[in-house]
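Asks: Structure provided below as structure tokens; questions to follow.
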Amino acid sequence: MLSIESARDTILSHLQPLPPEKVSLEEALGRYLAEDIVSSIDIPASNNSAMDGYALRCEDIKSAGTTLAVTSVLPAGSVLEKALESGQAVKIMTGAPIPKGADAVVKREDTIEIQGRVTIQKVPKKHEHIRFHGEDIKKGTSVLHTGDLIGPAQIGVLASLRHLVVSVYQRPVVAVIATGDEISEIDEPASAQKITSSNSYTLISLVKASGGIPLYLGIAKDLKHELINKLAEARRADLILTSGGVSMGDYDIVRALMSEDGNTLVFWKVDMKPGRPLAFGTLLGLPAIGLPGNPVSTMTSFYQFGRPAILKMMGARNLLLPRIRARLAVPVEHSGERPHYARGILQREGEDLCVRPTGPQGSGILTSMANGNCFIILPKGKTHVDKGEFVDCEVYHEIGML
Ligand code: AMP
Ligand code: MG
């Protein structure tokens with residue numbers, strides 16, 4: 001059976017980043033750069049003051065208590081043409097350009113100004129409290145790179161560089177189809193035989209949270225023509241995600257359809273728990289990930305395969321969930337037959353970063369995901385992991401302050 005890593009590599013080898021598009025800076029948050037950003041300017045554009053204080057010549061201040069004549073006041077946004085002479089100081093505000101001749105700023109707290117003269121109470125170091133021309137960004141340097149995730153800091157850098165429009169990779173449209181005769185929509189009458197399609201909602205949210213654009217196509221009954229009808233509406237998608245219909249049952253239509261002429265079943269089954277019966281292939285020529293139907297399997301498989309697929313199409317460099325090593329807070333048993341992605345709570349306990357499972361771990365227990373923030377990866381072949389042993393965890397939800 002394919003390992004998670006080989007299965008993921010196989011899926012990713014069938015996908016490419018989508019073409020770039022230009023978006024305004026305001027729309028760029030959460031997107032991935034499709035261009036390298038080379039600065040055409042220096043930032044800061046001039047040497048300027050990092051403090052409210054007095055610009056002066058260091059050689060004038062041999063000892064604390066030296067007094068200088070205050071010749072001008074320089075607000076931020078103004079420039080002083082006249083050079084500072086020996087024995088003089090300029091009262092300067094944060095951000096104002098350093099006057100010629102000055103080589104340090106003494107902050108206001110270390111001075112006393114009385115009647116046009118300022119007493120410097122602390123001997124300054126040369127260049128103290130001066131922000132130098134180009135010290136953040138030098139003209140001609142490559143500041144941001146293709147594949148970088150655009151967060152608030154990158155937006156700020158792009159704004160400083162006056163990039164009102166940026167080139168980013170397009171977001172994939174991801175068709176979501178639930179399957180199953182027993183599955184019903186949230187607004188259909190409930191009954192004991194029916195299961196409300198939570199997967200529709202988790203998958204739509206997972207696609208959004210990964211940066212994709214969900215195209216929800218509803219529930220297909222376990223009849224091939226129903227799935228084919230739904231797929232007809234998926235033509236404008238870049239990726240298809242289905243839930244259910246990939247197991248061993250007589251009515252497992254997703255896998256059956258992938259095996260028919262015109263479609264492809266690239267692989268079926270992955271060596272993992274939960275989520276073994278994953279199918280990957282093409283439907284109508286589009287890449288399709290057939291996620292297993294049990295709600296925890298659906299989500300776990302999405303994080304392992306769907307999310308990296310979406311991120312790759314969005315041009316991201318880093319496709320995997322963040323991994324953290326933590327100590328198990330309690331001993332854990334598992335079958336050891338497959339790598340087990342148990343759901344856990346990662347938190348700081350005293351000096352240690354600890355993790356504990358969220359309780360019952362059945363693949364239908366969706367609260368095991370909702371109560372947790374990470375997958376605890378229990379390795380294949382190891383049936384008992386002791387309290388205090390280190391385990392790898394993959395973080396999928398807010399972890400707070402660790
Ligand atoms: P399947 O993989 O089609 O055999 O589905 C396995 C089980 O997953 C079903 O018996 C349901 O309990 C559950 N399931 C399948 N689809 C959904 C869905 N859309 N929402 C919630 N649970 C589902
Ligand atoms: Mg089913």
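Asks: At residue 63 and residue 125, where each label point lies 7 Å from the Cα along Cα→Cβ, what is the point-to-point distance in nanometres?
Replies: Spacing of the two 7 Å Cα→Cβ label points: 2.3 nm.
Asks: Oh, and also: In units of 2.2 N^0.38 Å, what is the alpha-carbon radius of gyration of the chain? Walk me through the numbers before you get to the answer.
Replies: Details: Rg = 30.2 Å, N = 402, 2.2 N^0.38 = 21.5 Å.
Cα Rg divided by the expected 2.2 N^0.38 Å: 1.41.
Asks: So what is the relative contact order of the range 269-402, in percent, for Cα pairs below 8 Å that sit 6 or more residues apart? Show your work: numbers first, answer last.
Replies: Numbers: 266 pairs, mean separation 35.0, N = 134.
So the answer I get is 26 percent.
Asks: Here's something else I'd like to know. Check residue 74: other-chain or 5+ apart residues with amide H under 5 Å from its amide H, H built from backbone geometry?
Replies: Excluding prolines and chain starts, which carry no amide H, the hits are 91, 92, 93.
Asks: Continuing with the same structure: Sort 290-299, 179-188, 59-68 by the packing proxy (mean of other Cβ within 10 Å over each peptide's residues), most packed first. Walk me through the intermediate numbers first.
Replies: Numbers: 290-299: 26.5, 179-188: 15.6, 59-68: 13.9.
Result, highest mean Cβ count within 10 Å first: 290-299, 179-188, 59-68.
Asks: Quick one: 3J(HN,Hα) in Hz for the range 326-331, Karplus 6.51/-1.76/1.60 with θ = phi - 60°, rounded, Gly and Pro as x.
Replies: 9, 7, 5, 7, 9, x
Asks: State the volume of the convex hull built on the alpha-carbon positions of the range 184-240, expressed per residue in Å³ and rounded to an integer. Intermediate results must be reported in sequence, preceding the final value.
Replies: Values: hull volume 5.0 nm³, N = 57.
Once divided by residue count, the hull of the range 184-240 is 87 Å³.
Asks: Let me ask you something else. Name the long-range amide H neighbours of residue 51: under 5 Å, sequence gap of 5 or more, or other chain; modelled H, no Pro or chain starts.
Replies: 95
Asks: For helix 198-209, what angle does its Cα long axis make with the longest principal axis of the chain, in degrees from 0 to 90 and rounded to 10?
Replies: Tilt relative to the chain: about 30 degrees.
Asks: Something else now. Taking only C-alpha pairs under 8 Å that are 6+ residues apart, what is the relative contact order of the range 74-160 in percent?
Replies: Relative CO of the range 74-160 lands at 20 percent.
Asks: Residue by residue through the range 53-63, what is 3J(HN,Hα) from phi via Karplus (6.51 cos²θ - 1.76 cosθ + 1.60, θ = phi - 60°)? Round to whole Hz and write x for glycine and proline.
Replies: Running phi through 6.51 cos²θ - 1.76 cosθ + 1.60 with θ = phi - 60° gives x, 10, 7, 8, 9, 4, 4, 6, 10, 7, 8 Hz.
Asks: If each of residue 333 and residue 138 carries a label point 7 Å out from its Cα toward its Cβ, how far apart are those two points in nm?
Replies: 6.3 nm
Asks: Work through the residues other than residue 112 whose Cβ is under 13 Å from its Cβ and net out their charges, Lys, Arg +1 and Asp, Glu -1.
Replies: Numbers: positive: 91, 107, 108, 117, 122; negative: 109, 110, 113.
Result for the local shell: +2.
Asks: Ignoring everything except DSSP H segments at least 4 long, calculate the 222 nm mean residue ellipticity for the chain; use -39,500 (n - 2.57) per segment, divide by total residues, nearest 500. List each step's numbers first, then the result.
Replies: Working: 8 runs with 64 residues, N = 402.
Roughly -4500 deg cm²/dmol at 222 nm, from the helical runs in the chain.
Asks: Grab the beta carbon distance between residue 323 and residue 198, set R0 = 25 Å, and tell me the FRET efficiency rounded to 0.05.
Replies: Working: r = 27 Å, r/R0 = 1.08.
Between residue 323 and residue 198 the formula returns 0.40.
Asks: If the cut-off is a Cα-Cα distance under 23 Å, which lysines reach residue 269, setting aside same-chain residues fewer than 8 apart in sequence?
Replies: Reachable lysines: 221, 224, 312, 380, 382.
Asks: Taking 7 Å along the Cα-to-C-beta vector as the label spot, tell me the residue 208-residue 181 distance in nanometres, rounded to one decimal.
Replies: The answer from the label model is 3.3 nm.
Asks: Amide H to amide H, which residues 5 or more places from residue 220 or on other chains are under 5 Å from it, using H placed in the peptide plane?
Replies: When sequence neighbours closer than 5 places are left aside, the close amide H contacts are 178, 179, 180.
Asks: If you don't mind, there's one more thing I want to ask. For the chain, give the percent of accessible area contributed by carbon and sulfur heavy atoms, probe 1.4 Å, rounded to a whole number.
Replies: Details: 10110 of 19110 Å².
Whole-percent figure for carbon plus sulfur exposure: 53.
Asks: Here is a further query. Using a 1.4 angstrom probe on the protein heavy atoms only, line up 258, 51, 248, 401 by accessible area, largest first. List each step's numbers first, then the result.
Replies: Numbers: 258 0, 51 60, 248 140, 401 185 Å².
The residues order as 401, 248, 51, 258, largest area first.
Asks: Then there is this: Tell me which lysines have Cα within less than 24 Å of residue 100's Cα, excluding those fewer than 8 residues away on the same chain?
Replies: Filter leaves 62, 82, 91, 122, 125, 126, 138, 139.
Asks: Also: With all distinct Cα pairs included, what does the Kirkwood hydrodynamic radius of the range 1-123 come out to in Å, to one decimal, could you say?
Replies: In the range 1-123 this quantity evaluates to 18.6 Å.
Asks: Could you give the angle, 0 to 90 degrees to the nearest 10, between helix 4-13's Cα long axis and the longest principal axis of the Cα atoms of the chain?
Replies: 80 degrees
Asks: Next question. Using alpha-carbon pairs under 8 Å, 6+ residues apart, how would you state the relative contact order of the chain in percent?
Replies: Numbers: 956 pairs, mean separation 62.0, N = 402.
Taking the mean separation of contacting Cα pairs over the length of the chain, I get 15 percent.
Asks: Just to confirm, what accessible area per residue do you get for the chain at 1.4 Å probe, in whole Å²? It would help to have the intermediate numbers written out before the result.
Replies: Working: 19110 Å² over 402 residues.
With the other protein chains kept in place, the chain gives 48 Å² per residue.
Asks: Pairing rule first: another cysteine's C-beta must sit under 4.7 Å. Under that rule, which cysteines of the chain stay single?
Replies: Flagged as lacking a Cys partner: 58, 354.
Asks: So, one more: I'd like the distance between the alpha-carbon centres of the range 19-81 and the range 178-199, rounded to an integer number of Å.
Replies: 60 Å
Asks: Applying 1/(1 + (r/R0)^6) with R0 = 22 Å to the Cβ-Cβ distance of residue 229 and residue 251, what FRET efficiency is obtained, to the nearest 0.05? Numbers along the way, then the final one.
Replies: On the way: r = 16 Å, r/R0 = 0.75.
Rounded to the nearest 0.05, the efficiency is 0.85.
Asks: Can I ask one more? Mind listing the phi-derived Karplus ³J(HN,Hα) values for the range 285-301, rounded to whole Hz, using 6.51, -1.76 and 1.60 with θ = phi - 60°, and x for any glycine or proline?
Replies: x, 9, x, 9, 10, x, 7, x, x, 4, x, 6, 5, 4, 5, 4, 5
Asks: Oh, and also: Can you give the convex hull volume of the alpha carbon atoms of the range 53-192 per residue, in Å³? Don't skip to the answer; put the middle values down first.
Replies: Numbers: hull volume 35.2 nm³, N = 140.
With only Cα atoms used, the range 53-192 gives 251 Å³ per residue.
The values are calculated or read from the model by the stated rules, or taken from the named source; none is laboratory data. Remember, it's a predicted structure, so these values are computed and weren't measured experimentally. Here the Cβ is made from the backbone with ideal geometry for all residues, glycine too, and neighbour counts use every protein chain on show. What goes into the accessible areas is simple: the full protein's heavy atoms, side chains included, and nothing from ligands, DNA or RNA. Shrake-Rupley method; radii C 1.70, N 1.55, O 1.52, S 1.80 Å.
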